[in-house]
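Encoded as structure tokens, the structure appears first; notes follow it.
Each value in this text was obtained by applying a stated rule to the coordinates, not by laboratory testing. Since we're looking at a predicted model, the values are computed, not measured. For neighbour counting, all protein chains shown are included, and Cβ atoms are generated from backbone atoms with ideal geometry for every residue, glycine included.
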Amino acid sequence: MCEFCLKHGEGRKWYLQAQNYSEDLLSDGRRREFIGQFFREPRSLKKNTRRLEALDRAPKQVRDMVIRAVSRRQKKVHFGQVLPIEDVGRILEFTNSVVRVECICRHVTLGKEKRYCYGVSMGPNGGRMAEILRGLDGSFLNGPNTAGLESITREEALGAMRDHEREGLCHTVWTFHTPFIGGICNCDRSDCLAMRTTVTHGVPVMFRAETIASVDPDLCTGCRQCMRVCQFGAVAYSAADRKARIDHRWCYGCGVCRSQCAKGAIRLESRSSVPAAAKLW
Ligand code: SF4
Ligand code: SF4
């Protein structure tokens, strides 16, 4: 279990307990303000990418200190975790409304509109994330009328996220003032700033999944489709054996490789059941 499960989930998957505290959203003005700020100021994300590049060049001692401080702060305000598609489905089961929005990361990194992000509301009254986003005057959301907001059903959201997984994108859940959950995103290492920050620059702003993947060598035919999609470089190929293997030290447990395996050779299991990975977050 990750530290959020212990702190916010009473030892269970924290994001599956989200409906217990989600209703707090509107009563906490700071959280609303934070969400507004997040969507209003994509330019600040661009600044962060330059800071990360500078951090890569910093002396180790400074770097370690900054990494600890950034990660500690992000855990309080905006932190993510990788999710397998099954857990995306479980979150959507208690979600009242879903609104699809343009991905702020791709807005910054590609300058393109890509609707890979889903604002979710879980309070019993429902619809609240959509209301908050509609209240923003953010050019990011295609202008003051926020025409870019698209309300969809939970079933449509799950179907779209399965499609994103087939494209090779990894699902992640995000807090807006932890532990409130405000969104589910679909990330890749090239364009997602959080994934780049965590994996490329080594500054953790998201946890690995509670799951981890393994290959059944008896079923694997060595086609290497799984290698093609792993965003984390966790799949190795043995030319001698003609089999793929997953290095548990690198696996984030997203399950994207599994959806590419026509032989059904990849399974996900609980991270805690694999000693080499149980404490890797
Ligand atoms: S996609 Fe499946 S069959 Fe192909 S190499 Fe990976 S595990 Fe083996
Ligand atoms: S090997 Fe692990 S990290 Fe890579 S795609 Fe599969 S589950 Fe995700």
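At 7 Å along Cα-to-Cβ for each site, give me the label-to-label distance between Asp218 and Ser273 in nm.
Label-label distance for Asp218 and Ser273, simple model: 1.6 nm.
Dipole of the chain (Lys/Arg Cβ +1, Asp/Glu Cβ -1, origin at the Cα centre): which of Gly222, Gly36, Ala234 lies farthest to the positive side?
Ala234
At a threshold of 8 angstrom on Cα-Cα distance, excluding pairs fewer than six apart, so keeping six or more, what relative contact order does the chain reach in percent?
Working: 521 pairs, mean separation 56.5, N = 281.
Relative contact order comes out at 20 percent.
Based on DSSP H runs of at least 4 residues, each adding -39500 (n - 2.57), what is the mean residue ellipticity at 222 nm of the chain after dividing by all its residues, to the nearest 500 deg cm²/dmol?
-10000 deg cm²/dmol
Full-extension gain between Lys112 and Ala58, please, as 0.36 nm times their residue separation minus the C-alpha to C-alpha distance.
Values: separation 54, 0.36 × 54 = 19.44 nm, distance 3.15 nm.
Once the chain is fully extended between Lys112 and Ala58, it gains 16.3 nm.
Excluding Val62 itself, calculate the net charge of residues whose Cβ lies under 15 Å from the Cβ of Val62, where each Lys or Arg counts +1 and each Asp or Glu counts -1.
+2
Please list, or write none, the lysines whose alpha carbon is within less than 30 Å of the alpha carbon of Lys243, excluding same-chain residues fewer than 8 places away.
Lys263, Lys279
Can you tell me what share of the DSSP beta bridges in the chain is antiparallel? A percent to the nearest 5 is fine.
Just about 95 percent of them are antiparallel.
Applying a 10 Å radius around every beta-carbon, put 165-172, 216-223 in order of their mean neighbour count, most first.
Averaged packing, sorted descending, gives the order 165-172, 216-223.
Compute the signed sum of charges (Lys and Arg +1, Asp and Glu -1) over the other residues within less than 14 Å, Cβ to Cβ, of Leu158.
Taking every Cβ under 14 Å from that of Leu158, the sum is -2.
To two decimal places, what compactness ratio does the range 205-281 give when its Cα radius of gyration is scaled by 2.2 N^0.38 Å?
1.03
With charges only on Cβ, +1 for K and R and -1 for D and E, what is the dipole size of the range 35-92 about its Cα centre, in debye, rounded to 20?
Dipole about the Cα centre, nearest 20: 420 debye.
Which order, highest average first, do 230-242, 75-87 follow once you tally other Cβ atoms within 10 Å for each residue and take the mean per peptide?
Answer by packing, highest mean first, reads 75-87, 230-242.
Could you work out the local net charge near Asp191, counting Lys and Arg as +1, Asp and Glu as -1, over the other residues with Cβ closer than 14 Å to its Cβ?
+3
Give, in whole angstrom and from largest to smallest, the semi-axes √(5λ) of the equivalent ellipsoid of the chain, with λ running over the eigenvalues of the Cα gyration tensor.
After scaling each eigenvalue by five and taking roots: 30, 22, 19 Å.
What does the highest-first list of 9-16, 59-66, 29-36, 94-101 look like by mean Cβ count within 10 Å?
94-101, 9-16, 29-36, 59-66
Give me the one-decimal Kirkwood hydrodynamic radius in Å for the range 150-281, with the sum taken over alpha-carbon pairs.
15.7 Å
Please give the FRET efficiency for Phe34 paired with Ser71, using the beta carbon to beta carbon distance and R0 = 22 Å, rounded to the nearest 0.05.
0.80
Farthest toward the dipole's positive end in the chain, which of Gly168, Leu110, Leu158, given Cβ charges of +1 (Lys, Arg) and -1 (Asp, Glu) about the Cα centre?
Value: Leu110.
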